[in-house]
Amino acid sequence: MEILFLGGCALLLLACALPLVSLLFKLGKASHRIALFITLAGISCITTTALICFFTGADYQQLIYALTPELTFSIHLDKLAAFFVALIGFVAFCAVIYSFNYIEHGAIEKRKHVLTALLPLFILSMIMVVAADNMFALLFFWEIMSISSFFLVMYDREKAETQKAGIFYFVMTQLSTFFLFIAFLLVYRYTGTFDIEATDALPQAVKSFAFIALFIGFGTKAGLIPFHKWLPYAHSASPSNISALMSGVMLKIAIYGLCRFTFDVLQPELWWGFVLLVFGTVSAVLGVIYALKEHDLKKLLAYHSIENIGIIVVGLGLYVIFNHYGLQTPANLSLVGALFHTLNHAIFKSLLFMTAGSVVQATGTRNIEEMGGLVKKMPVTAVLFLIGSCAISALPPLNGFASEIMIFLSYLGAFELDNPVIEIVMVIGLAAFALMSALAATCFVKAFGIVFLAKPRSKEAGKAMEAPPGMLVGPAILALTCIVLGVFSFQIIKAVGYELPVPDMLPVSILLLLITAIFVGLLKLFRVPVRIGETWGCGIQKQTPAMEYTATGFSEPIVTIFKLIYRTKKTNEKEYFDPAKSITKHTKAKIATFQFFEERVYMPLANLFMKSAAFISEKHNKDLETFILYAFITVVLLLVAAGLWL
Amino acid sequence: MIDTIIFSDIIHGLFVLILGTAALIITQRSLSSLFNIYAVQSFILAVMAIVLFIENGTLNLLFIALLTLAVKTIFIPLFLHRVLKRMPVKRDLQFSFLSPASSIIISTILLFVVYLFFTNIAGEVFNDSLILLGGVIGISLILMGMMVIFSRKRVITKTIGYLTMENGVLLFSLFMAEMPFIIEFLIVIDLLMILVLSAVLAFGIDSSLEEFHKKLNRLGIWVED
């Protein structure tokens, strides 16, 4: 096990070094391929180790390097860590397969080398964060993860959009590290050790404080609203294989941290559960509402990541609440549901990001309004995207449904509680949850419909080609997993060792398959003659793609319903030729969404910092008199202080 | 040897005179009388050193007295007067942050603060109230010198501020901590350097540091808008 795990790490490091060496000696493209193959081998080794640990329940512990007796890099794979390592490994495996062809797409040779080098480093750092045995190692690899992903986000660094994303990402990720630092130092201050298990020895009041710091730290990385703003920017700006990894895996690492610290180590209090529940519900609902409005394909997916992280956090919150009241069945249901959804989201979100990446690469745009008709040009990608869409919309029998139903079922456990206030809160949460599920389905009807159906809306979309095989195989594995995890969810959960009242999807899927087969068969049997002709266009001679249903049109009713949240500003300016305002010169119409969090939360905070910095820098830049005045005031204050306290 | 009571009376009288000259330095607008007041203040310090020498008999004090007399009461004021003759301005009317009246009020408050501070931290160590008072007035003189530096605009007046600060240090060292003679000597050399430098600045850049600051800005060290 030791050889397997450490060998895997070594292979990943080798894969990281290889492109850098070839960058120095100007070796060709072959080095990319070799590096990616080595990465695949390394990931396979580590994933195998994790799977062995997960299924046999073996505890794998290993000291790698001791900086000082106190600060050590050591790893520990227990069941929870092994689960997350396996998840990272699996998704990363598919993402690397996808990268074989994707990386060649880039224009600048140098950057391809850097991308190939950083990819294994990023994967390795994510694995090590989860495997880390103490807080020092965790924070160390956490920072490596942040920095390597920052450079990956900055791949297209010339674009203004990427620069904005980079700044947002960097600041927010540092903020999250800062809060983790606070929590860890707090633990160290009280226990004198960096052991994760030692966190439990904190006094109760300090535990709550540590929880808040950990929640903000991990919540920022997970993209919970209101710490989410970096997520849509960074995910849309980075290369698609990286977005798949970031959204699919990196967010889950924050979930791992939350699980590890709040449930495994600390004894959660009731109000922690409500904090998780409220933030989770808000993220889930607002995430999907923002996604509906989004017409940038990758941003849309990024907002769905926020939504799904919200679902997972709701599951964790429910676990805390039910556990507090001693309701074991709903508690286990929600925890297993949350972890299962973590796995499922990692799989279908990276699948969606990869297929979206193929689409973006084929059409050269991220705006879905300029796509369309791709189902004929890229049929395999379309099917894969459809499977991902169905999974994320929680349609049975796919995996998204399997995990969301667990959280729904555990919600129903609320009726066993005898506290009416909590019951009401839970029912409101349940309603919001149901709303979120419906809206998610709506959103993916829009995404799939506008991107793949109808006729191409732009020249580029008309010229799109099917993605190369590597970019199909990676997502295809994930799509297959989506189906398997959905159909056999009951059996899998049983095999892992949980007896939970979840519906068995196998008969359902067989039934569904049968119905479909019968339906198709009947259609074939009683075939009605079909006449193919032009759609009636109200008498217009030739119809153009511009007359198609648009994404804006599709989401308009929902935008109107949630006007309060979007705060859409519609401006319509007209100029006239004559004073009587009868002949229009030209018209300008604009629909803009009010970016609540950016304009009301982030920017004011940033401006506050800028202003205080400007204030201080203005005080720095003064003439001699003022400097001496400062010195004078300081001396006098020191005198007064000394007089008072010495 | 002088009677102890007379000795302490003399020292007290000299303290009052020093405070008076310090107040005049803060408020005086005419440059030439400012130099004269500085000369008087330095002279009082020299006298004080001689009185202490007669009381203690430490030869160091005599040297300090002679040095102060030669450099601070004669040479520096003479030099300043000669600089003044070539300067277009004879009076310093510009004040920043503090007007002369408020400077006086603040320095009075400071005197109390410093006194409280000293009695608090050093009251038990120095039983002799004379030594304590010497330290208090020395520190206050340093602070008043600082006030002169930041509240006056002309470079030449600022120089007087620095010189007053040094007088405060000298007064402090006379009573509280005996400085070796060599350090006192080096400080005097520093004073002369300050004088030369400020004369250069005063002539080169029209006797006000503000313009010097602007020139720095133009060099792009920092652009204010």
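Taking the criterion of being surrounded by 18 or more Cβ atoms within 10 Å (Cβ to Cβ), out of contact with any Gly (no Cβ under 8 Å at 6 or more places or on another chain) and in contact (Cβ under 8 Å) with a residue 12 or more places away in the chain, would at least one residue in the range A:503-525 satisfy it? Looking for residues that are surrounded by 18 or more Cβ atoms within 10 Å (Cβ to Cβ), out of contact with any Gly (no Cβ under 8 Å at 6 or more places or on another chain) and in contact (Cβ under 8 Å) with a residue 12 or more places away in the chain, one finds none in the range A:503-525, hence no.
Restricting to helices (runs of 4 or more DSSP H) lying wholly in the range A:71-162: which have 2 or more residues that are of a type in the set (S, T, N, Q) and under 17 Å from the mean Cα position of the chain (by Cα)?
Where helices (runs of 4 or more DSSP H) fall fully within the range A:71-162 and carry at least 2 residues being of a type in the set (S, T, N, Q) and under 17 Å from the mean Cα position of the chain (by Cα), they are A:135-153.
Of all the criteria given as (1) under 44 Å from the mean Cα position of the chain (by Cα); (2) of a type in the set (S, T, Y); (3) facing chain B (nearest Cβ under 9 Å), the one not satisfied by A:T593 is (3).
Per-residue answers, yes or no, for (1) surrounded by 13 or more Cβ atoms within 10 Å (Cβ to Cβ); (2) closer than 28 Å to A:K563 by Cα:
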site: A:T587; (1), (2): no, yes
site: A:R600; (1), (2): no, yes
site: A:F609; (1), (2): no, no
site: A:F632; (1), (2): yes, no
site: A:V636; (1), (2): yes, no
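So that you can scan it fast, the table gives a plain yes or no per residue for (1) assigned to a helix (DSSP H, G or I); (2) away from chain A (no Cβ under 14 Å); (3) on the phi > 0 side of the Ramachandran plot; (4) out of contact with any Ser or Thr (no Cβ under 8 Å at 6 or more places or on another chain):
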residue	(1), (2), (3), (4)
B:N36	yes, yes, no, yes
B:A46	yes, yes, no, no
B:L66	yes, yes, no, yes
B:A70	yes, yes, no, yes
B:T73	yes, yes, no, no
B:F79	yes, yes, no, yes
B:V89	no, yes, no, no
B:I109	yes, no, no, yes
B:F118	yes, no, no, yes
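At least 1 residues being more than 30 Å from A:Y102 (Cα to Cα) is the threshold, and among the helices (runs of 4 or more DSSP H) wholly inside the range A:378-476 those reaching it are A:399-412, A:420-452. Only one of (1) of a type in the set (S, T, N, Q); (2) free of Cβ contacts under 8 Å to residues at least 60 places away in the same chain; (3) surrounded by 18 or more Cβ atoms within 10 Å (Cβ to Cβ) is not met by A:T68, so which one is it? The number of the failed condition is (3). For the range A:562-581, check the following and say yes or no: at least one residue is farther than 30 Å from B:K153 by Cβ and within 14 Å of chain B (Cβ to nearest Cβ). Looking through the range A:562-581, none of the residues is farther than 30 Å from B:K153 by Cβ and within 14 Å of chain B (Cβ to nearest Cβ).
Of all the listed residues (B:V136, B:V155, B:V114), the sole one being modelled with pLDDT under 80, within 12 Å of chain A (Cβ to nearest Cβ) and buried (at least 19 other Cβ atoms within 10 Å of the Cβ) is B:V155.
Select, from A:L297, A:L251, A:L276, the only residue that is touching a strand residue (DSSP E or B) at 6+ places or on another chain (Cβ under 9 Å), buried (at least 23 other Cβ atoms within 10 Å of the Cβ) and touching a residue at least 12 places away in the same chain (Cβ under 8 Å). Going through A:L297, A:L251, A:L276 in turn, the sole match is A:L297.
If you filter the range A:53-98 down to residues that are of a type in the set (G, A, S) and modelled with pLDDT of 90 or more, you find that the one that is nearest to A:G257 (Cα to Cα) is A:A81. Among residues of the range A:615-643 being among the aromatic types (F, W, Y) and over 18 Å from B:T108 (Cα atoms), the one that is farthest from the other protein chains (Cβ to nearest Cβ) is A:F615.
The values are calculated or read from the model by the stated rules, or taken from the named source; none is laboratory data. Bear in mind the structure is a predicted one, so any value in this text is a computation, not a measurement. Don't worry about glycine lacking a Cβ; one is built from the backbone with ideal geometry, like all the others, and counts go over all protein chains shown.
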